[in-house]
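Right, one structure below, let's go through it.
The values are calculated or read from the model by the stated rules, or taken from the named source; none is laboratory data. Just so we're clear, the structure is a prediction, and the values are computed from it rather than from any experiment. Counting neighbours? That spans all protein chains shown, and the Cβs are built from the backbone with ideal geometry, glycine included. In case anyone asks, the SASA skips ligands and DNA or RNA and just uses the protein heavy atoms, side chains included. Shrake-Rupley method; radii C 1.70, N 1.55, O 1.52, S 1.80 Å.
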Amino acid sequence: MKKRIIFALIIVLGFIVPCAAAERVVNIFNWSDYIDPGVLADFTRETGIKVIYDTYDSNEMLEARMLAGPTGYDVVAPSGPLLQRLVRANVLRPLDRRRLTNAANLWPEIDRRLQLYDPGGAHAVDYAWFTTGVAYNEAKITERIGKPIASWDEVLRPDALKKFSDCAVYMLDSPEDMLAIALNYLKLDPNSKNSGDLRRAADVLAGLRRYVKKFHSSEYINALANGDICLAIGWAGDALQARNRAREAGSDVNIAFVAPVEGAMISLDTLAIPIDAAHVDAAYIFIDYLLRPDVAARNVRATNFASGVLPARKLLDPSIGNDPAIYPDAATMSRLFAVTAPDQSTQKLMTRLWTMVKTGH
Ligand code: SPD
């Protein structure tokens, strides 16, 4: 009898232990240069949950992975318009905010802006938000035009951009950002889905191609920091990471970032759980951990991207918490524009136009 009980216990434990063990890992797919690596190590130390962490540098990469499936991920970080498309495609789990005790820390204004992509915040919470603007090497730009960059006109006109081509220019490989910036520059609705408007915007960008060394969405951080390029259209936090990397290396390269006067794009990157996530409990624990103010503040310090966690800001040194490149002031905020997801045929057109911008065909 005793032997039978022990045998039964072994069978039951043999089933339960692997199931429990299956929950002790979380697979994350996040943007590159977007977290303090120490946060991941501390998360594992505090929760016992192992983190497997992969990165990407374009919404297109994440979208392809999400739509092809199986994703293999438990937490992903789509930007607003992609979030909207993923919700439509039904590839995200509805998010139960009651399971996120730290959701109370979410910044109401940012959470409100998220509604544009995900009504009711039903599938995601904000992770970070920021502007797309111009990152530049102060000395090299001043040397060439006698003043810092302030306007898109100094970057989006071929004869203006030409002045920087000898010290090298990068642009984001992101149609979502770049077409909206060009639309806004043309004084058209930056969120326009009109094919004529989009073609005009693409023509502006195509006219700049010969002065652009590379279209890439992450390499510009090191390229700016090393002095290999002097200007990039890029994301605020990445520009400031370039500035910090140059400082840490003791170089004399000084990188500045500006959201130009005509207005800049605001993006919200979010945290969401794929429909096929295998470790849903661990995903909730991980997202909740990132929403803890002290953890969110660590990520802002490391990445220079503003967090969607409001109380994190108070924990930052004023040089970060009051840096208008990270937390734009009210005047800049009023000039920011957001874009939403296009329908499928407009999406296809944008992809075609973007290839034309980059290759000429
Ligand atoms: N290095 C992190 C960059 C995050 C960029 N998110 C993309 C926003 C697209 N509009």
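Observations, loosely collected:
- Residue within segment 328-335 that is buried (at least 22 other Cβ atoms within 10 Å of the Cβ) and either small (Gly, Ala, Ser) or within 16 Å of the ligand (Cβ to nearest atom) (or both) present: yes
- With respect to the conditions (1) in the same structural domain as residue 202 (by TED's automatic domain parsing); (2) closer than 28 Å to residue 53 by Cα, residue 289 lacks only one, and its number is (1).
- Beta carbons closer than 7 Å, at least 6 apart along the sequence or on distinct chains, pair a first residue in segment 62-83 that is over 11 Å from residue 274 (Cα atoms) with a second that is surrounded by fewer than 14 Cβ atoms within 10 Å (Cβ to Cβ) for 81/340.
- Residue within segment 245-267 that is part of a loop (DSSP other than H, G, I, E, B), more than 30 Å from residue 299 (Cα to Cα) and open to solvent by less than 10 Å² (accessible area, probe 1.4 Å) present: no
- Some residue of segment 34-45 being in a loop (DSSP other than H, G, I, E, B), at pLDDT 95 or above and closer than 19 Å to residue 281 by Cβ: no
- A single entry from 163, 214 fulfils the requirement of being more than 14 Å from the ligand (Cβ to nearest atom) and under 23 Å from the mean Cα position of the chain (by Cα): 214.
- Checked across segment 22-30, the condition of being away from the ligand (no atom under 15 Å from the Cβ), modelled with pLDDT of 95 or more, in contact with a Phe, Trp or Tyr (Cβ under 6 Å, 6 or more places away or on another chain) and aliphatic (A, V, I, L, M) holds for at least one residue.
- Residues in segment 268-298 that are out of contact with any helix residue (DSSP H, G or I) (no Cβ under 7 Å at 6 or more places or on another chain) and assigned to a helix (DSSP H, G or I): 280, 281, 282, 283, 287.
- Across segment 168-205, the qualifying residues are those that are assigned to a helix (DSSP H, G or I), open to solvent by 10 Å² or more (accessible area, probe 1.4 Å) and in contact (Cβ under 8 Å) with a residue 24 or more places away in the chain, and the one among them that is nearest to the ligand (Cβ to nearest atom) is 176.
- For segment 336-361, a residue qualifies if it is away from the ligand (no atom under 16 Å from the Cβ) and not in a helix (DSSP H, G or I), and the qualifying residues are 343, 360, 361.
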